[in-house]
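Worksheet: one structure, shown below.
Since every read-out is calculated from the coordinates, none of them should be taken as a lab result. Bear in mind that the values here come from a model prediction, so they are computed numbers and not experimental data. Methodologically, a virtual Cβ is constructed for each residue, glycine included, from the backbone with ideal geometry; neighbour enumeration extends over all protein chains shown.
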Amino acid sequence: MAGPDSLREQKRTFTRSRLVAAAREVIERKGYASATVDDIAAAAGASRATFYLHFANKDSAVAEIVAEVGRYAVERYRALDELLTSARPDRRDQLRAWLADWLEYWRGTADLQHALSTAVSINREIERQMLDISSVTLIEQLEGFLGAQPSSERARIKDRAIILETMTSNVFAQASRDLMPATDDAVVDYLTETWEALFLAR
């Protein structure tokens, strides 16, 4: 049987998770700049005081959302590493499918991604957190692929991968909000060619 401390910790974890989910819902709906602590607390069915028991301010709740998004992206890039290090004859088709699924994820989270990009432009800590995920953490998940490259080339390939991932994120951000004049298929086709040149032509 769980003791009082264990139950208290479970309740605390549940409340914190509810607040993070509410923060995500609110910033998706209202945007980062317009969302307030009161909005988040109300959406979670909690008081303002309860919010401040868990987070110092709105930005610390948003940082938790960024961490959640980052964890999902890490899993995506681990799957990419498995693909890149496989001997499958259809790796190019699988790479295209991976990119298409990634764009679909961006489309499904377009409002959240836009809100987070606004947060990045306003808050330097969130900007650092996002940059660390996109330019370091994700590419580090390609350890199998990078480890198979000649040691003399590894740093250069890693730098190119970081640039490519950053470019792809920017393209997906625009495409997911219908700001890209090209169709999704055209976007994915072009990106497949670009990613193939770096990751498969070796």
Practice task
Grab the other residues whose beta carbon is less than 11 angstrom from that of ARG29, score K and R as +1, D and E as -1, and report the net.
Solution key: -2
Practice task
Compute the acute angle (0 to 90°) between the alpha-carbon long axis of helix 110-122 and the principal axis of greatest extent of the alpha-carbon atoms of the chain; round to the nearest 10°.
Solution key: 80
Problem - the range 1-55 - charge dipole about Cα centre, Lys and Arg +1 at Cβ, Asp and Glu -1, debye rounded to 20 - result: 40
Completion exercise
Computed for the chain: size of charge dipole around the Cα centre, +1 on C-beta of each Lys and Arg, -1 on C-beta of each Asp and Glu, debye to nearest 20, value 520
Exercise for the section: Quick one: what are the phi-derived ³J(HN,Hα) couplings along the range 173-182, Karplus 6.51/-1.76/1.60 with θ = phi - 60°, whole Hz, x for glycine and proline? Expected result: 4, 6, 4, 5, 10, 6, 9, 9, x, 7
Handout entry: All lysines inside 24 Å of LYS11 as judged from Cα atoms, apart from same-chain residues fewer than 8 positions distant
Key = LYS58
Fill in the blank from the handout: Answer check: the range 57-199, Cα atoms, Kirkwood Rh, Rg/Rh ratio of 0.97
Completion exercise
Computed from the beta carbon distance with a Förster radius of 35 Å, FRET efficiency for ALA186 and ALA87 to the nearest 0.05 stands at 0.70
Problem - Largest to smallest principal axis extent of the C-alpha atoms in the range 42-116, angstrom - result: 57, 21, 18
